[in-house]
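Everything below concerns the one structure shown next.
The values are calculated or read from the model by the stated rules, or taken from the named source; none is laboratory data. None of the values given here were measured: they were computed from a predicted structure. Glycine also receives a Cβ, built like all others from the backbone with ideal geometry; neighbour counts cover every protein chain displayed. Accessible surface areas use protein heavy atoms only, side chains included; no ligands, DNA or RNA. Shrake-Rupley method; radii C 1.70, N 1.55, O 1.52, S 1.80 Å.
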Amino acid sequence: MITGIRGFKDILPGDVERWQFIENTARKVFEDFGFKEIKIPILEKTELFARSIGEDTDIVEKEMYSFLDRKGESLTLRPEATASVLRAYIEHNLYKEEPIKKLYSIGPMFRYERPQKGRYRQFYQINAEVLGIGDPKIDVELMVMLLHLLKRLGVEKTDLNINSLGCSQCRPQFRETLRSFFERRLNILCPDCKRRFTTNPLRIMDCKVETCSKVVSDAPSILNFLCSECLTHFDEVKEGLRIFEIPYMVNPYMVRGLDYYTRTAFEITTNELGAQNAIAGGGRYDNLLKELGGPDIPGIGFAMGVERLALLLKERKDLFRFPKVFVAALGSEAQNNAFRLIAALRLKGIWAEMDYGDKSLKSQMRRANKLKVHFALIMGEQELKSGCAILRDMETGHQEKIDLSKGIDELIEKID
Ligand code: AMP
């Protein structure tokens with residue numbers, strides 16, 4: 001038997017209903033906030049991710065699925081969506097259409113991480129990006145939208161963490177202060193962080209190794225290094241959240257796993273998922289469009305993990321749909337009628353089922369029960385002669401005769 005790949009999950013019926021609910025709700029909420037969907041390829045040139053996410057990040061260093069194609073070009077299965085969305089935005093000159101573009105995308109991402117509950121190698125993300133505006137109101141609007149979506153999904157016990165990562169003006173000074181802080185503790189850092197110390201000390205703050213996180217908890221706070229513009233921006237974000245009565249925590253050590261963030265960074269966590277507690281995260285990336293060869297305009301976005309949300313919705317049995325009516329037919333003539341009837345009902349948008357073998361009434365009713373139908377429509381020889389059928393409400397047990405000789409309108413009225 002050939003099995004699936006480790007960390008790559010099948011999402012089977014019984015689970016897929018939660019995925020559909022999450023995706024459909026996200027589409028509705030995002031479109032109410034003026035976002036349009038963009039569908040992007042899952043494969044891109046490796047360079048796109050290396051340049052945007054950053055060479056020293058965990059993702060680029062050790063988690064990318066990269067390979068050479070038949071012409072020797074290095075390609076990568078996308079580990080995140082922002083870089084691809086921005087590539088498409090620049091390539092198709094979307095900035096020329098409208099000054100502010102709001103885009104969302106839904107699809108699988110690929111990272112070679114150690115699989116565990118809530119962490120997979122192929123996982124689904126729902127992303128939203130706002131390109132072309134640097135106003136802190138947009139940061140607030142995006143967080144409001146994300147929290148509203150979570151509320152619509154029934155996920156309310158969450159924490160919002162925010163931070164500011166500064167900009168190209170103020171970050172260099174912080175980076176140097178951080179470097180001298182880590183220099184004095186270099187011997188206790190993990191081998192990766194020893195290297196990051198030279199290449200990109202900010203990345204040490206995102207290290208998952210326990211000894212490194214301990215060191216980080218005493219590190220200087222980036223918030224003490226923000227320039228006046230970044231400070232004002234951050235204050236306005238906090239003020240906006242207060243206006244919307246959104247509780248938040250400021251976490252100066254949250255740098256997120258991608259290098260491109262500037263100013264606002266945020267993350268939503270829950271304590272109901274164990275170790276993999278982040279449901280969504282995002283931030284501003286005001287230099288990224290320019291760095292990728294696009295216009296010098298700001299952007300902000302977030303990504304939400306569908307698997308982790310689906311785990312939180314595990315108990316939602318109400319998301320399952322059941323057939324409206326099961327037609328139990330006895331004898332071949334009645335079976336033929338039933339066959340035409342279920343087709344007619346389905347064309348009217350009513351989910352109808354029947355049994356295709358010539359089974360006893362008892363066995364057909366057993367199947368009707370198993371399918372959890374609302375109604376059973378029983379067509380025996382007796383009923384066939386009179387053009388009638390018996391409609392049984394499976395919940396109450398109430399039965400009544402329905403005349404089918406003049407069509408199915410009466411039946412539809414009773415069951416729909
Ligand atoms: P990131 O792109 O790393 O900021 O992740 C955004 C969100 O995607 C996280 O908050 C998680 O919900 C989800 N996520 C990230 N990595 C994984 C993974 N390996 N498996 C499942 N979900 C993930």
Exercise for review: Could you please find all residues in segment 241-253 being surrounded by fewer than 20 Cβ atoms within 10 Å (Cβ to Cβ), closer than 21 Å to K157 by Cβ and either touching a Ser or Thr at 6+ places or on another chain (Cβ under 6 Å) or not hydroxyl-bearing (S, T, Y) (or both)?
Suggested key: R242, F244, E245, I246, P247, M249, V250, N251
Practice item. Could you please find all residues in segment 59-86 being in contact (Cβ under 8 Å) with a residue 60 or more places away in the chain and surrounded by fewer than 20 Cβ atoms within 10 Å (Cβ to Cβ)? Key: E61
Check your understanding: Looking at segment 130-181, which of its residues are part of a strand (DSSP E or B) and out of contact with any Asp or Glu (no Cβ under 9 Å at 6 or more places or on another chain)?
Key -> L131, S164
**Study point:** segment 122-138 - residue that is within 16 Å of the ligand (Cβ to nearest atom) and in contact with a helix residue (DSSP H, G or I) (Cβ under 9 Å, 6 or more places away or on another chain) and, of those, most open to solvent (accessible area, probe 1.4 Å)
**Key:** Y124
Practice item. Looking only at segment 77-123, count how many residues are β-branched (V, I, T), modelled with pLDDT of 95 or more and more than 20 Å from the chain's Cα centre (by Cα). Key: 1
Check your understanding: Which one of the conditions (1) more than 19 Å from W19 (Cβ to Cβ); (2) within 14 Å of the ligand (Cβ to nearest atom); (3) touching a strand residue (DSSP E or B) at 6+ places or on another chain (Cβ under 7 Å); (4) modelled with pLDDT under 95 does A334 fail to meet, given that it meets all the rest?
Key -> (2)
Check your understanding: Listed residues L178, L142, L147; which is modelled with pLDDT under 95 and either crowded, with 19+ Cβ neighbours inside 10 Å or of a type in the set (D, E) (or both)?
Key -> L178
Exercise for review: Go through segment 396-407 and count every residue that is outside any strand (DSSP E or B) and in contact with a strand residue (DSSP E or B) (Cβ under 9 Å, 6 or more places away or on another chain).
Suggested key: 3
